[in-house]
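Below is one structure, written out as structure tokens; the observations come after it.
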Amino acid sequence: FYLLAQLDHWRFDYWLGLGMCLQRLGCHDDALFCLGRAGMIGIDDPRPAYFAGVSYRLIGNREYARKAFGAALKWCGSQPRYQGLRDEIQSSLASGEKGNES
């Protein structure tokens, strides 16, 4: 994905894929950069914001995670194709709120 993203700087799928790979490798700072790039290209797709929220949560930045999940939820809107993602975001937001109470 890194090579593909370098060859075609404006391809949403390449940046999203690279960000997700880096996230799974635990390279969250690099993942956040790639997910931000994907978000700038695919401005109507909630997935980059959602995965950014996951990375922020994993590195312990609850405030930014909550903001990223909130943005992703807004981009999901009422589109039926994002119902599963919307449910996952709401679950992540709920678990984050429980974590703030402790």
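The values are calculated or read from the model by the stated rules, or taken from the named source; none is laboratory data. Remember, it's a predicted structure, so these values are computed and weren't measured experimentally. Cβ placement follows ideal geometry from the backbone for every residue including glycine, while neighbour counts extend to all protein chains displayed. We work out accessible area using only protein heavy atoms, side chains counted, and drop any ligands, DNA or RNA first. Shrake-Rupley method; radii C 1.70, N 1.55, O 1.52, S 1.80 Å.
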May I ask for the angle, rounded to the nearest 10°, between helix 47-58 and the longest principal axis of the chain, with both axes built from Cα atoms and the value confined to 0 to 90°?
60
Electrostatic dipole magnitude of segment 12-62 [Cβ: Lys, Arg +1; Asp, Glu -1; Cα centre; debye, to 20]
200
For the chain, give the magnitude of the charge dipole about the Cα centre (Cβ charges: +1 Lys/Arg, -1 Asp/Glu; no others), in debye to the nearest 20.
120
Roughly how tilted is helix 62-76, in degrees to the nearest 10 and between 0 and 90, from the longest Cα axis of the chain?
70
Under 12 Å from the Cβ of residue 44, count the other residues' Cβ atoms, weight Lys and Arg +1, Asp and Glu -1, and hand me the total.
+2
Residue 43 to residue 64: FRET efficiency via 1/(1 + (r/R0)^6), r the Cβ-Cβ distance, R0 30 Å, to the nearest 0.05?
0.95
Of the heavy-atom accessible surface of segment 1-60 (probe 1.4 angstrom), what whole percent is carbon and sulfur?
61
Computed over the chain, the distribution of all Cα-Cα distances in 10 Å bins, rounded to whole %, is 17, 46, 30, 6, 1
Mean accessible area per residue over segment 14-102 (1.4 angstrom probe, all protein chains present, square angstrom) is 57
Between helix 83-101 and the chain, what is the angle of the helix's C-alpha long axis to the longest principal axis, kept within 0 to 90° and rounded to the nearest 10?
50
If I model a spin label at residue 21 and residue 94 as a point 7 Å from the Cα along the Cα→Cβ vector, what separation in nanometres do I get?
3.5
Could you tell me the ratio Rg/Rh of segment 45-94? Both radii from Cα atoms, Rh via Kirkwood.
0.96
